[in-house]
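Q: First the structure, then my questions, so here it is.
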Amino acid sequence: MLMHSTEARLNALRDELTGRGLAGFIVPISDEHMSEYVGDYAQRLKWLTNFGGSAGSAVVLAGDGYTGKGAAMFTDGRYTVQVREQVNGEFFDYEPVPESSPAAWIAKHAPKGAKIGYDAWLHGIEWAEKAAAVLAKKGIELVPVDGNPIDAVWQDRPAPSAAPAMPYADEHAGRSSADKRAAIADWLKEEGYDATAVTALDSVAWLLNIRGKDVENTPVALSYVLLKADGTAELFIAPGKVTPELIKHLGNAVIVRPRDEFEPALAELSGKTVALDTDHAVAGIFQALDQAGARVVRAKDPTVLAKAIKNPAEQQGQRDAQARDGAAIVKFLRWIEMNAPSGEIDELTAAAKLREFRNLDGDMRDSSFDTISAAAGHAALPHYKVDEDSNIPIPPSSIFLCDSGGQYNGSFGGGTTDITRTVWVGPGEPTAEMIDRNTRVLKGHIELSRATFPAGTNGGQLDTLARMHLWAAGVDYGHGTGHGVGSFLAVHEGPQRISKSGGAFTGTDTPLAAGMILSNEPGYYKPGEFGIRIENLVLVVPAEIEGREGDWLGFETLTFAPLDRRLVDPAMLTAQETAWWNDYHAQVLETLSPRLEGDDLDWLKEQCAPLAK
């Protein structure tokens, strides 16, 4: 009989833990590649707790001697509301991050001498080392498990995706896999390393010029790569995912082996020096290499920076994808304007309609993340995720925020989009406060869009530009201003980031370089009432400044879709800001007009008319 209740699943897990001699277990949202988005087979936290967010963890204690409920759910401020809606507080404590942590909570509630299990193939090595140190002070031992205990009790656990891996054409990638492998092999030799393990799924995809369908929102294939200093590589992937086309594409220098041979293959590196990235390689890989007698060096994944700097083919693919996406956004915004004031459109219906408009383009492959379709007070939750339980009608006379993106791939190449538009839903007019806050967000967005800066500048040094007009009014927003974006790959990509702190994605200190793509997304959120965010993607490009000294950079805007002028106070804009608005909307009209017709085109022309002071 399948277990459907939280209580039944907790009891089954506790019985399994007791049978293994464990007093507890830590459950993250993760897979063997430390991915942001994971396949259904890896949704262990959701199965256990019903939590549907993209970041969080849980602890379950078992046996005798623990205090309190014996289970806790850990989430950051993005999920304060969601975790309480989805996770039963009768069985779980709600613990805020970073104020609390699984290790600190266990140290408080588990008895001395307890053995707490964790799956070393789902956690980073630095996390494991720090957690073990915290628990050791309380006489508690953190131990890696042999097989995940949740898998032993999850009776209807889905199998990993069996979709085939697909070649990604060199002309779309802009660079051959052989060239990429040779560059990394040179790096290995220069550093004195024998090999490196490439474990992040988007890094594998970039390195070998392959894509897949194994994870929602990100076109990757479940696999690992071991790359040697001689330029040869081993790809570890399920045999059923390998096609003759893939073998031909990879060539003779890439040996294909079953995915379940990856851990045994690590033992073959005995006596070798192996570079591993602590941000992307799980603790299990470090431990396996250590047990094999390899020398492990902690070094950054050599694909990450190279992947972030887009070549001309990738840049053009992104421009083409943005134009396709912009046309869908225009159709959606017009549809919202016509239908939402009735009060009969809810958040889920709006998200489905946007997907329908995107799907009209035959080169749309997937969403790049779950659409944030947020009405009224939900718009004040920056990472809100609508579901059947949280879904509400879009109220008339309110703000509606929609943050969404698509994955596009076709004869033109490929691209990943991410766009946020905030609109007023009539009838009536937005409040003076709404207009003021939106205009300040717009001014910050423009400041960052227009910025020029010397080479070597990092995102942390630019972040204030997006916040300065909000700060002048004594308000701010609690998330980063910009994240990196992949090329028909992950919508959140490092190492670059624009933020006043590292946050969920490290990279604030990484210098921006020509070819990098980032989001520009300042916002404002009034809890329980409304939220505002304006997001375009931008490309870092050389800046031509008369009389400049040294190399300078700026941004090329990639995203084209109209902004809602009903939420703008023209009197608050400077002449330069008004000129930016008019120039931007002239580009929107020029870029999207060829892709629209009839009422949609007429509506776009109205939205792109010059803004009068």
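The values are calculated or read from the model by the stated rules, or taken from the named source; none is laboratory data. What you see is a predicted model; the values in this text were computed from it and never measured. As a convention, Cβ positions derive from the backbone with ideal geometry for all residues, glycine included, and neighbour counts pool all protein chains shown. Note: areas computed on protein heavy atoms with side chains; ligands, DNA, RNA excluded. Shrake-Rupley method; radii C 1.70, N 1.55, O 1.52, S 1.80 Å.
Q: What residue, of F51, F25, F92, is of a type in the set (F, W, Y), touching a helix residue (DSSP H, G or I) at 6+ places or on another chain (Cβ under 6 Å) and farther than 19 Å from G147 by Cα?
A: Exactly one residue qualifies, and that residue is F51.
Q: Can you find a residue in segment 328-344 that is touching a His at 6+ places or on another chain (Cβ under 7 Å) and either open to solvent by 50 Å² or more (accessible area, probe 1.4 Å) or at negative phi (or both)? Outline the logic, then answer.
A: To start, the set of residues in segment 328-344 that are touching a His at 6+ places or on another chain (Cβ under 7 Å) comprises none.
Scanning segment 328-344 turns up no residue that is touching a His at 6+ places or on another chain (Cβ under 7 Å) and either open to solvent by 50 Å² or more (accessible area, probe 1.4 Å) or at negative phi (or both).
Q: If I go through segment 249-263 residue by residue, how many of them are open to solvent by 10 Å² or more (accessible area, probe 1.4 Å) and under 15 Å from E32 (Cβ atoms)?
A: Residues in segment 249-263 being open to solvent by 10 Å² or more (accessible area, probe 1.4 Å) and under 15 Å from E32 (Cβ atoms): 5 in total.
Q: I'd like to check something: does segment 279-302 contain any residue that is at pLDDT below 95, closer than 14 Å to E32 by Cα and either in a loop (DSSP other than H, G, I, E, B) or open to solvent by 10 Å² or more (accessible area, probe 1.4 Å) (or both)?
A: Yes.
Q: Something else about it: Which members of segment 303-331 meet the condition of being in contact with a helix residue (DSSP H, G or I) (Cβ under 9 Å, 6 or more places away or on another chain) and either assigned to a loop (DSSP other than H, G, I, E, B) or among the aliphatic types (A, V, I, L, M) (or both)?
A: V304, A306, K310, N311, A313, A323, A327, A328, I329, V330
Q: For segment 160-182, give me each residue that is open to solvent by less than 30 Å² (accessible area, probe 1.4 Å) and in a helix (DSSP H, G or I).
A: Residues satisfying the conditions are A173, S177, K180, R181.
Q: Of the numbered conditions (1) touching a residue at least 40 places away in the same chain (Cβ under 8 Å); (2) in contact with a strand residue (DSSP E or B) (Cβ under 8 Å, 6 or more places away or on another chain); (3) open to solvent by 40 Å² or more (accessible area, probe 1.4 Å), R355 fails exactly one; give the number of that condition.
A: (1)
Q: Among the residues of segment 215-241, write down those that are open to solvent by 40 Å² or more (accessible area, probe 1.4 Å) and in contact with a strand residue (DSSP E or B) (Cβ under 8 Å, 6 or more places away or on another chain).
A: Selection gives E216, K228, T232.
Q: Using the structure shown, decide if S100 is open to solvent by less than 50 Å² (accessible area, probe 1.4 Å), more than 30 Å from E245 (Cβ to Cβ) and under 25 Å from the mean Cα position of the chain (by Cα).
A: yes
Q: Any residue at all in segment 151-159 that's among the basic types (K, R), touching a residue at least 40 places away in the same chain (Cβ under 8 Å) and open to solvent by 30 Å² or more (accessible area, probe 1.4 Å)? Reasoning before the result, please.
A: Quick first cut of segment 151-159, residues among the basic types (K, R) only: 157.
So of that shortlist, the ones also touching a residue at least 40 places away in the same chain (Cβ under 8 Å) come out as 157.
Now restrict to residues that are open to solvent by 30 Å² or more (accessible area, probe 1.4 Å): 157.
For segment 151-159, residues among the basic types (K, R), touching a residue at least 40 places away in the same chain (Cβ under 8 Å) and open to solvent by 30 Å² or more (accessible area, probe 1.4 Å): present.
Q: Say we look at segment 64-86 and pick out the residues that are without any contact (Cβ under 8 Å) to a residue 60 or more places away in the chain and of a type in the set (V, I, T); which of these is nearest to H378 (Cα to Cα)?
A: T80
Q: Hey, could you check segment 35-44 for residues that are modelled with pLDDT of 95 or more and crowded, with 23+ Cβ neighbours inside 10 Å and say which is farthest from I150 (Cα to Cα)?
A: Applying the filter and picking the extreme gives A42.
Q: Report, by residue number, each residue of segment 572-595 that is open to solvent by less than 60 Å² (accessible area, probe 1.4 Å), within 12 Å of L442 (Cβ to Cβ) and β-branched (V, I, T). First the steps, then the outcome.
A: Let us first name the residues in segment 572-595 that are open to solvent by less than 60 Å² (accessible area, probe 1.4 Å), namely 572-573, 577-582, 584-586, 588-589, 591-593.
Filter once more, keeping what is within 12 Å of L442 (Cβ to Cβ): 572-573, 577-578, 580-581, 584.
Of everything in segment 572-595, just one residue is open to solvent by less than 60 Å² (accessible area, probe 1.4 Å), within 12 Å of L442 (Cβ to Cβ) and β-branched (V, I, T), namely T578.
Q: Something else about it: Would you please name the residue that is modelled with the lowest pLDDT, looking only at residues in segment 386-415 that are buried (at least 22 other Cβ atoms within 10 Å of the Cβ) and in contact with a Gly (Cβ under 6 Å, 6 or more places away or on another chain)?
A: This residue is G413.
Q: While we're on this one: Based on what the data block shows, is Q315 within 28 Å of the chain's Cα centre (by Cα) and either modelled with pLDDT of 95 or more or among the charged types (D, E, K, R) (or both)?
A: yes
Q: Look through segment 183-223, keep the residues that are small (G, A, S) and outside any loop (DSSP other than H, G, I, E, B), and return whichever of them is nearest to the chain's Cα centre (by Cα).
A: It comes out as S203.
Q: Of these, L48, L17, L22, which one is within 30 Å of A221 (Cα to Cα), crowded, with 20+ Cβ neighbours inside 10 Å and not acidic (D, E)?
A: Only one candidate passes the filter, namely L48.
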